[in-house]
Amino acid sequence: MIAIDQMKQTIDLMLHPASATQKKMSIGQALGFYYQLAIIPLVISLILGAVVGAAAAALFSHFLGSMAAIGTGAALLFVEAYVLLVFLILIPVGIFISAAILHLFGKFLFRQFKATYTETFTSLVYGEAPAVLFFWLALIPIIDFIYIVIYIWGFVVSIFALSNQQRTSKLSVIGVLVGTVVVVFILAFVIGVILGAALFI
């Protein structure tokens, strides 16, 4: 069944990252997996956003009047639009870009990745799956911190996935990840300094 199978697979990824991240997928299959997985969490997130927003609007209108309620209603529409944007565009595009940067460094600079960009993309889809499945937790006050824990575990899943998909050790994957972050940070810093200096010339 669409979505349910992907949700079960994501739970398996979280519980058994070493074995569950070995399956190869094309970019099209990986995107299909992502969007099918996203269906139920997206619906839950939209409903929760509406409920939390309606509760906030009622609370503010009670204490601060109708204008505050109107402002809260506008904020609710923004949250709903943001959730749609995140699920449908920002996460997939982010995976494409992150995979491209990581593969560039892992394959050509550090020479630790053995496979293609497709495997790197698949790995990051696997790593993003837990955060997608439980995205709605971030919208619930008090327990929203649980989402942070799940997001971190997704990062661990991506390490296992990259190790399996790129046929390299987990230590090498960690080295590539750290090295990529360091190099990108240095490049961003240098570019920032150059642009800053250019403004004062």
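The values are calculated or read from the model by the stated rules, or taken from the named source; none is laboratory data. Treat the numbers as computed from the prediction; the structure is a model and nothing was measured. Cβ: placed from backbone, ideal geometry, glycine included. Neighbour counts: every protein chain shown. In case anyone asks, the SASA skips ligands and DNA or RNA and just uses the protein heavy atoms, side chains included. Shrake-Rupley method; radii C 1.70, N 1.55, O 1.52, S 1.80 Å.
Here are a few things to note about the model shown:
- The residues listed here are 188, 131, 99, 115; of these, the one that is free of Cβ contacts under 8 Å to residues at least 24 places away in the same chain, touching a helix residue (DSSP H, G or I) at 6+ places or on another chain (Cβ under 7 Å) and among the small types (Gly, Ala, Ser) is 131.
- The condition (being modelled with pLDDT of 80 or more, part of a helix (DSSP H, G or I) and loosely packed, with under 14 Cβ neighbours inside 10 Å) is satisfied by just one residue among 47, 70: 47.
- Helices (runs of 4 or more DSSP H) enclosed by region 89-201 - at least 2 residues per element that are open to solvent by 60 Å² or more (accessible area, probe 1.4 Å) and among the aromatic types (Phe, Trp, Tyr): 145-165, 170-199
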